[in-house]
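Peer 1: After the structure tokens below, expect a handful of questions from me.
The values are calculated or read from the model by the stated rules, or taken from the named source; none is laboratory data. Since the structure is predicted, the reported quantities are computational estimates derived from the model, not experimental observations. For neighbour counting, all protein chains shown are included, and Cβ atoms are generated from backbone atoms with ideal geometry for every residue, glycine included. Accessible surface areas use protein heavy atoms only, side chains included; no ligands, DNA or RNA. Shrake-Rupley method; radii C 1.70, N 1.55, O 1.52, S 1.80 Å.
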Amino acid sequence: MSVELLDGATIINFIEDEEAFNKTIQSHFARLDADHDGLLSYAEMIKDLQSLRVFETHFGVDIKRDPKEVAETYGALFVQFDRDASGAVDLEEFKAETKQMMLAMASGIGFLPVQMVLEEDSLLKIAVELESAKVAA
């Protein structure tokens, strides 16, 4: 983990760099696809969804939630990815929903820089690294 400075433009620039974004999404998808069938099941995605920690914290402090409520929330997130309701997520569905989520984050962050703690292999960390490389070039 590291503390990074980013703003909405960092995320938008990453998404607009189609080559970098597509390569990153394909790599992330492949890492989640444990059985290598080209589809992500709920079981394959649950750890990644849980890493978002959208429900277990309140302003960064862990709180105890009803396990049923947590499971329903993660199920709803999975449904967002599974756009054709097939019970599995293909690469295009994964890419489209990830893009939507990242655009929502960019909108929420806005254009004033914020400091965030980012995991080393997270999409936001990759976005920051790409921006840093462009600035340094």
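Peer 1: Quick check on segment 69-120: what does the Kirkwood estimate of hydrodynamic radius come out to from the alpha carbon pairs, in Å? Please report the intermediate quantities before stating the final value.
Peer 2: On the way: mean 1/r = 0.0776 Å⁻¹.
Averaging 1/r across every pair of different Cα atoms and inverting gives 12.9 Å.
Peer 1: Using just the Cα positions, wrap the chain in a convex hull and report its mean projected area in square nanometres, one decimal place. All intermediate terms of the calculation are to be shown ahead of the outcome.
Peer 2: On the way: hull surface 36.1 nm².
The number I arrive at for the chain is 9.0 nm².
Peer 1: Still on this structure, I have one more. Charges only on Cβ, +1 for Lys and Arg, -1 for Asp and Glu: so what's the dipole of the chain about the Cα centre, in debye to the nearest 20? Provide the component values of the computation, followed by the final result.
Peer 2: Details: 12 positive and 27 negative charges, 82 e Å.
Rounded to the nearest 20 debye, it is 400 debye.
Peer 1: So what does Phe111 come to for accessible area, using a 1.4 Å probe and Å² rounded to 10?
Peer 2: Accessible surface of Phe111 is approximately 140 Å².
Peer 1: Another one. Please calculate the 1.4 Å probe accessible area of Arg83, with all protein chains present, and give it to the nearest 10 Å².
Peer 2: 130
Peer 1: Using protein chains only and a probe of 1.4 angstrom, how many square angstrom of Met1 are accessible, to the nearest 10?
Peer 2: Probe radius 1.4 Å; accessible area of Met1 about 150 Å².
Peer 1: Which value in deg cm²/dmol, rounded to the nearest 500, describes the helix-derived mean residue ellipticity at 222 nm for the chain, given -39,500 (n - 2.57) per DSSP H run of n ≥ 4 and division by the residue count? Write down the numbers at each step before the final one.
Peer 2: Working: 6 runs with 82 residues, N = 137.
Value at 222 nm, helices only: -19000 deg cm²/dmol.
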